[in-house]
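> One structure coming up, written as structure tokens, with questions to follow.
The values are calculated or read from the model by the stated rules, or taken from the named source; none is laboratory data. Worth saying up front: this structure is predicted, and the values here are computed from it rather than measured. Cβ placement follows ideal geometry from the backbone for every residue including glycine, while neighbour counts extend to all protein chains displayed.
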Amino acid sequence: MTTTEQQPALIGGTTTPWWTGTKPALFENIEIGEQFGPFEITVDDRLVKNYVFAQDDPAAGALTHDGAPAAHPALLCNELLFLFYANFDGNTAEGLHTHENISFHSPIRIGEKVTIGGRYVETYERRGQGYVVMEAEAHGEDGRPLVTRRGTEIMHTRAADVVGGSRAPAPARAVTGEALDVTPAERASFDLAERTPLAPAATRISQEQMYVFSWGGRGFSNIHTDAAGAKKVGMDRTVAQAMQQVGYLSRMCTAFHGPSFVTGGHLSVKFVNPFYVDDLVTARGAVLGTVDHDGARHLESEVWVENEAGRKTAVGWAHAPVAEG
Amino acid sequence: MTWRDLTDPRVVADGVDPEAGLKEPIFENLEIPEALGPVTLVVDDHKIKRYAFTQDDHHPWHLHDSPFGGRIAHAGLLSNDLVQLFTTRYAASRTVGLHTEEQLWFDSPAFLGDEITLAGTYTESYTRRGQDYVVMEATASGPGGRSVLRHRGVEILRTRPGDVAGRGSTGDGGSGGPGRISGTADPDLPVARLGTDTVVPGAALPELEFTITQEQASVFSRCGEYVRNVHSDLAVARDGGLRIPIVQGQQQCGLVTAMLTRFFGESLFTGGRLRVKFVAPVEVFEPLTVTGVVTAVTPSDSGSLVETEVWVRRADGRLSTVGWASATVPAGATGAEPSTSTHP
């Protein structure tokens with residue numbers, strides 16, 4: 001029941017798995033070009049069940065690849081995000097995830113040994129905060145790409161001081177959240193009218209799901225995993241990890257597009273407001289129209305996540321091919 | 001809105017410490033008898049899915065539909081709520097105890113959406129081999145007062161788990177019940193399966209394999225209520241003399257009830273009985289095998305009473321949990337019927 005090559009060594013041993021670096025997670029400690037990995041991990045049944053539980057997304061663990069049971073590549077997104085723990089001490093991380101660009105390429109066979117790796121490619125300072133950009137990817141045993149991401153994060157901040165206000169750069173175009181007053185579409189089609197709503201996906205996130213998703217089980221204590229971790233940075237309650245919203249949007253888009261989202265879906269998301277433990281959040285979308293992606297015809301939608309008060313916590317766009325017929 | 005657990009952790013956001021004012025869980029603070037609870041909680045979708053996750057038990061009766069009409073809770077779902085009822089009076093995160101024995105009576109299933117009232121009493125305390133023990137009796141009742149689950153548990157209230165876990169602290173390594181647990185079945189007999197003539201003394205029960213990860217142990221042992229203990233937190237475990245967190249005894253008990261659900265089926269939920277002793281610790285990530293053996297089949301007017309021994313075995317071969325389980329199955333469900341008793 002291994003989820004990484006090193007994890008079994010925890011039994012009775014020291015707590016020094018490969019993802020625990022030693023550098024304090026501070027902006028000034030970032031080196032551009034710094035590599036994380038590559039590491040081999042096995043996407044085993046346990047890793048899949050952890051994701052299914054944390055995201056309340058059973059469909060993510062019920063795919064097939066070449067006839068074998070497979071899982072959604074979205075389950076590797078957080079593994080890729082936390083790659084920087086390989087060099088930095090994860091328990092010193094007080095970052096704020098602001099932006100995520102993700103491309104899905106293939107389901108992952110359950111039991112498959114995959115390779116993950118990434119690097120810091122850019123840093124910049126804006127409004128007194130230090131941002132860092134990481135690019136990372138995962139490949140299957142046969143070398144096929146599974147998922148690639150480019151994410152932006154404020155490397156070290158005091159979360160209580162900045163959550164609640166957008167830190168992301170102003171988008172080139174706005175996500176309006178406008179949708180036609182019609183029955184939401186269950187399946188993607190190029191025939192759908194502009195602004196047709198997608199069938200939404202709602203989740204009330206629990207502390208246990210946040211603990212599992214944000215690596216509480218791997219020995220980390222942070223603003224997501226427990227009250228003490230939140231209190232340490234001035235939060236009165238735990239805040240959900242932004243990357244969980246990528247999973248909610250992926251769940252909605254995969255249900256909408258079907259397998260084509262798993263093999264050719266793209267998500268570009270900005271995290272604009274926090275959401276907290278026990279919040280009910282809903283992934284929503286509205287069809288925009290056809291776009292060309294590397295010579296292929298994709299259907300693009302505006303997507304967002306909103307809380308019960310209707311406040312958007314993540315906004316962005318998704319596109320993927322459409323399997324017509 | 002009724003919450004799903006003994007405590008509502010949402011109060012933490014308001015600066016409330018859920019354990020403030022609760023007693024230190026030490027022998028000197030016990031009152032016998034002492035009422036524990038009552039607490040009313042709801043069996044909601046997340047509570048069932050969470051238990052499915054911690055126990056790796058995705059049986060369709062719990063997640064889809066059951067012969068009882070609708071989704072039902074796992075047989076063991078409420079058992080840890082009963083064990084933990086003492087934390088309505090005592091501080092949960094100050095507890096460094098050792099659960100040594102558990103008895104459960106399964107009276108009826110709990111359904112998705114049921115509000116369940118839990119109430120218990122510390123009925124007895126005693127000192128043996130330098131350890132202070134306390135006995136709790138508790139019940140879980142559903143709508144209309146319907147009995148769902150009854151519990152009797154024995155626990156060492158305050159100890160250093162690293163010093164006593166694994167030394168046979170239950171006193172007898174498995175005896176003290178109806179008989180010593182052999183941990184073996186007749187290898188020449190097929191695995192017992194109800195509805196066939198395989199349910200005979202000596203036949204093995206279905207075997208299930210589990211490995212409880214840290215995530216599963218932590219979620220089971222109430223990390224969602226911000227409780228820190230030797231099951232959920234490495235630092236607390238090390239303070240207790242352990243090298244790594246150990247799996248809660250009641251979580252092992254739940255592995256046994258999962259196996260019994262697969263063997264007894266509906267009969268477990270409407271009259272099944274289980275008694276287990278926790279005789280050796282289980283570390284997180286330690287592979288486990290859960291099984292048992294049929295010891296007696298006694299036909300009666302209402303069916304057949306099937307008695308079994310059950311156990312959890314660690315990868316090193318040592319038994320960590322041992323016990324006895326029984327249920328009355330419908331007439332015709334065993335090979336013994338309708339002729340005579342097959343008591344050994």
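> For residues that are touching a residue at least 40 places away in the same chain (Cβ under 8 Å) and outside any strand (DSSP E or B), scanning just segment A:100-152, find the one that is surrounded by the fewest Cβ atoms within 10 Å (Cβ to Cβ).
Here the residue is A:ARG127.
> Are any residues in segment B:36-86 assigned to a helix (DSSP H, G or I) and within 24 Å of B:SER326 (Cα to Cα), and if so, which ones?
Listed by number, the residues that qualify are B:TYR51, B:ALA52, B:GLN55, B:PRO60, B:TRP61, B:HIS62, B:SER79, B:ASN80, B:ASP81, B:LEU82, B:VAL83.
> Tally up the residues in segment A:182-207 that are in a loop (DSSP other than H, G, I, E, B) and touching a residue at least 24 places away in the same chain (Cβ under 8 Å), please.
Going through segment A:182-207 one residue at a time, the tally reaches 14.
> A:LEU47: more than 11 Å from A:VAL147 (Cβ to Cβ), within 14 Å of chain B (Cβ to nearest Cβ) and not acidic (Asp, Glu), yes or no?
Judged against the criteria, A:LEU47 is a match.
> Quick one: is B:ASP8 closer than 23 Å to B:ASP107 by Cβ and not aromatic (Phe, Trp, Tyr)?
Answer is no for this residue.
> Additional query: Return the residue satisfying two criteria in turn: it lies in segment B:205-226 and is of a type in the set (Phe, Trp, Tyr) and outside any helix (DSSP H, G or I), and of such residues it is nearest to B:PRO287 (Cα to Cα).
The qualifying residue nearest to B:PRO287 (Cα to Cα) is B:PHE210.
> Of all the residues that make up segment A:125-169, how many are modelled with pLDDT under 60 and of a type outside the set (A, V, I, L, M)?
Here the count works out to 7.
> Then there is this: Just to be sure before I move on: is B:PHE269 buried (at least 24 other Cβ atoms within 10 Å of the Cβ), touching a residue at least 12 places away in the same chain (Cβ under 8 Å) and not aliphatic (A, V, I, L, M) in the structure I sent?
Against the criterion (buried (at least 24 other Cβ atoms within 10 Å of the Cβ), touching a residue at least 12 places away in the same chain (Cβ under 8 Å) and not aliphatic (A, V, I, L, M)), B:PHE269 qualifies.
> Which members of segment A:219-234 meet the condition of being at pLDDT 90 or above and either closer than 18 Å to B:ARG238 by Cβ or β-branched (Val, Ile, Thr) (or both)?
Within segment A:219-234, A:ILE223, A:THR225, A:ASP226 qualify.
> Let me ask something else about it. Hey, among the residues in segment B:53-66 that are closer than 15 Å to A:PRO58 by Cα and surrounded by fewer than 19 Cβ atoms within 10 Å (Cβ to Cβ), which one's farthest from the other protein chains (Cβ to nearest Cβ)?
B:HIS59
> Continuing with this model, one more query. Can you pull out every residue in segment A:22-50 that is charged (D, E, K, R) and either under 17 Å from A:VAL212 (Cα atoms) or not assigned by TED's automatic domain parsing to the domain that holds A:GLU125 (or both)?
A:ASP44, A:ASP45, A:ARG46, A:LYS49
> For B:ALA13, are the conditions met, namely being at pLDDT 95 or above, among the small types (Gly, Ala, Ser), surrounded by fewer than 20 Cβ atoms within 10 Å (Cβ to Cβ) and over 20 Å from the mean Cα position of the chain (by Cα)?
no
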